[in-house]
1. Please check the chain for the longest run free of trypsin sites (Lys or Arg not before Pro) that are loop-located per DSSP (anything but H, G, I, E, B) and have at most 11 other Cβ atoms within 10 Å.
2. How far is it, in nm, from the label point at THR190 to the one at TYR168 when both lie 7 Å from their Cα along the line to the Cβ?
3. Taking the Cβ-Cβ separation of ASP199 and ASP147 as r and a Förster radius of 35 Å, what is the calculated FRET efficiency to the nearest 0.05?
4. Working from the pairwise distances between different alpha carbons, so that the mean of 1/r is found and then inverted, what is the chain's Kirkwood radius in Å?
5. Report the full-extension gain for the segment ASP89 to ALA131: residue separation times 0.36 nm, less the Cα-Cα distance, to one decimal in nm.
6. Find out how many positive minus negative residues lie around GLN84, taking Lys and Arg as positive, Asp and Glu as negative, among other residues whose Cβ is under 14 Å from that of GLN84.
7. If I take every Cα pair under 8 Å that is 6 or more residues apart in the chain, average their sequence separation and divide by the length, what percent do I get for the relative contact order?
8. With springs only between Cα atoms under 10 Å, which of HIS38, HIS49, HIS167 fluctuates most in a Gaussian network model of the chain?
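Each reported figure results from applying straightforward, stated rules to the coordinates on display, with no laboratory input. Everything numeric here is computed off the predicted structure, so don't read it as measured data. Here the Cβ is made from the backbone with ideal geometry for all residues, glycine too, and neighbour counts use every protein chain on show.
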Amino acid sequence: MAAASSSVFVFVITLIFMQRLSECATCSDCFTRSRAAHYPNSEEQGTDHGACGYGSFGATINGGDVATASDLYRNGVGCGACYQVRCIDSELCSEEGKMVVITDQGSGAGTDFIMSRRAYAGLAQTADAAASLFALGVIDIEYKRVDCSYPNKNITVKIDENSDAPHYLAFVIRFQQGKNDITAVQLCETKNFVCKLLDRSYGTVWTTASPPRGPLSLRMLLTNEDGDEQWIVPINNIPRDWKAGDIYDTGVQVN
Ligand SMILES: *[C@@H]1O[C@H](CO)[C@@H](O)[C@H](O)[C@H]1NC(C)=O
């Protein structure tokens, strides 16, 4: 009897211990300590020429709450990812901080993020506190990756101005949602299902010389933080007569 109850006791302790371990391993609520700076004076919102290739869209996405990433840029895979950033000083900083979207690459003095002035100001509790944060220039922060959310927006494809139909196709994927990375993109002919893997030219710009002909079915490979992969096939095709500058609605949201 005594032996049985002590083995139950060990079992319970083991369960508690394993639960602790798995909480640490997934750690979806863990913040990472780092530093952040802000854009120069002229740039209140984002930039038109960020390394992600979003163009003018990159200046206004997420209301202009955007950031330049250094290591988190991850050769362009990090473009479009969303992070909750909050600063540390309890006198100046709000508890929630700000959610920013990565639109560019760059680094400063030990920073993971260079934030648009708008987003940086949003870290503060008050306008006076924001002025103090700007005076510091570089501040201690903590961050974690969060879901991107664009209510009432489907993922869209913007055909890059450098495209030359039908010989060369380049496009940018907008309104990437959730916490997944887009790690590969394919275009498939809708008739005979010949597919072609695209190249990540830079940032979120996907390209192919000699794209398949006819209406094109887009496939995006989403990878989550555990490395699980899933191909997403939007309901809308890119039409056969796609043109540089056009924007196509994929008809899907991914959360
Ligand atoms: C998103 O796609 C769905 C399905 O095609 C469509 O009904 C809806 O209007 C689209 N939403 C927006 C905001 O474009």
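1. On the way: sites that count: LYS191, ARG213, LYS243.
Looking at the chain, 1-190 is the longest stretch - no exposed trypsin sites (Lys or Arg not before Pro) with at most 11 other Cβ atoms within 10 Å.
2. That separation, rounded to one decimal, is 2.7 nm.
3. On the way: r = 28 Å, r/R0 = 0.79.
The formula returns an efficiency of 0.80 here.
4. On the way: mean 1/r = 0.0497 Å⁻¹.
Result for the chain stands at 20.1 Å.
5. Details: separation 42, 0.36 × 42 = 15.12 nm, distance 1.37 nm.
Separation in residues times 0.36 nm, less the Cα-Cα distance, equals 13.8 nm.
6. On the way: positive: ARG33, ARG86, LYS98, LYS144, ARG145, LYS179; negative: ASP29, ASP65, GLU95, GLU96, ASP112, GLU142, ASP147.
After counting each charged neighbour, the total is -1.
7. Details: 582 pairs, mean separation 46.3, N = 255.
Normalised by residue count, the contact order of the chain is 18 percent.
8. Comparing HIS38, HIS49, HIS167 in a Gaussian network model of the chain, the most mobile one is HIS167.
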